[in-house]
Amino acid sequence: MAWGRNFEGEIGDGTTTITPRLTPVPVCAAGQTAPCTSFLSGVTAISAGSGHNVALMSLAQLSQTITFAAIPDKLVTDADFTVIATASSGLPVTFSGSGNCTVSAAGLVHLTGAGSCSVTAAQLGDATFSPAPNVSRSFKVLAPAQFAQGVIDAISGMGLPSGTSTSLISKLRAYVDSTTRGDRTAACGQLGAFVNFVNAQSGMQIPAADAKILLTDAARLTTASAC
């Protein structure tokens, strides 16, 4: 709506007249002339001058989405790590967490115990973009014995020769038993035997690529068990 002098059509109702508008009149939509059939809507502000009035329209916000990759399962003793997510708008993403972890707004994740952790990425929007739908990623936080069981399951699916698979699995099961009863010395010895066997069979009974994965897992268990 607008009112005031209308010498040159400043009011915007499609007419020009020296008679001022003493009461508000609708402002014609863009391209309309009197008599107007549609009018401006969603006006958020009006700039008034001696010879013109300008209506500031509220434009519809653009939508945006968040891209946030899955987070692999972690060992409870793993070091803090940073997650990354991006918004299609280019605006910065913030993070929050729940479960057995704490998560800073910048995405630094600290594991607090065995269980699970859920990290949520959010982007609240601005004058141009509406808020993005939140995206959450959950992962398991595993105790050493749980992680070792996952390695055992992986070995079973590698298609290794039966004797090789059995030897690897027996060493890890012995590690799990020792860890469960709190015998760190025995657990570390069994991990050492596992590593030695993998190194000896790498490129022979164990494909080099699989051996690399197993040695990486064993290194994580070695750190987790303080060997």
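When the residues of segment 173-212 are filtered to those that are polar (S, T, N, Q) and part of a helix (DSSP H, G or I), which remaining residue is surrounded by the most Cβ atoms within 10 Å (Cβ to Cβ)? The qualifying residue surrounded by the most Cβ atoms within 10 Å (Cβ to Cβ) is Gln190. A search for C-beta distances below 6 Å between a residue of segment 167-183 that is among the aromatic types (Phe, Trp, Tyr) and any residue that is in a helix (DSSP H, G or I) and buried (at least 19 other Cβ atoms within 10 Å of the Cβ), counting only pairs 6+ apart in sequence or on different chains, returns Tyr175/Ala148; Tyr175/Ala187; Tyr175/Gln190; Tyr175/Leu191. Scanning segment 153-163 for residues being part of a helix (DSSP H, G or I) and surrounded by fewer than 18 Cβ atoms within 10 Å (Cβ to Cβ) gives a total of 5. The residue pairs whose first member lies in segment 82-110 and is over 14 Å from Ser138 (Cβ atoms), whose second member is modelled with pLDDT under 95, and whose beta carbons are closer than 7 Å, counting only pairs six or more residues apart or on different chains, are Ser89/Phe129; Leu91/Asp126; Leu91/Phe129. What pairs can you find where one residue is in segment 126-142 and in the same structural domain as Phe81 (by TED's automatic domain parsing) and under 24 Å from Val109 (Cα atoms), the other is of a type in the set (Phe, Trp, Tyr) and part of a strand (DSSP E or B), and their Cβ atoms are less than 8 Å apart, with a gap of 6+ or different chains? Partner pairs satisfying both residue conditions: Val135/Phe68; Arg137/Phe68. For beta carbons closer than 9 Å, sequence separation of 6+ or different chains, a first residue in segment 194-220 that is not assigned by TED's automatic domain parsing to the domain that holds Ile155 and of a type in the set (Val, Ile, Thr) and a second that is surrounded by fewer than 19 Cβ atoms within 10 Å (Cβ to Cβ) and part of a helix (DSSP H, G or I), there are no qualifying pairs.
Filter segment 59-98 down to residues that are surrounded by fewer than 18 Cβ atoms within 10 Å (Cβ to Cβ) and part of a strand (DSSP E or B) and give me whichever is farthest from the chain's Cα centre (by Cα). Looking at residues that are surrounded by fewer than 18 Cβ atoms within 10 Å (Cβ to Cβ) and part of a strand (DSSP E or B), I get Leu62. Only one of the numbered conditions (1) more than 25 Å from Cys188 (Cβ to Cβ); (2) modelled with pLDDT of 95 or more is not met by Phe129, and that is (2). With the structure loaded, tell me whether Ser170 is surrounded by fewer than 20 Cβ atoms within 10 Å (Cβ to Cβ) and assigned to a helix (DSSP H, G or I) or whether it fails that test. Considered against the rule, which asks whether it is surrounded by fewer than 20 Cβ atoms within 10 Å (Cβ to Cβ) and assigned to a helix (DSSP H, G or I), Ser170 comes out as yes.
The values are calculated or read from the model by the stated rules, or taken from the named source; none is laboratory data. Bear in mind that the values here come from a model prediction, so they are computed numbers and not experimental data. Note: ideal-geometry Cβ built from the backbone for every residue, glycine included; neighbour counts use all protein chains shown.
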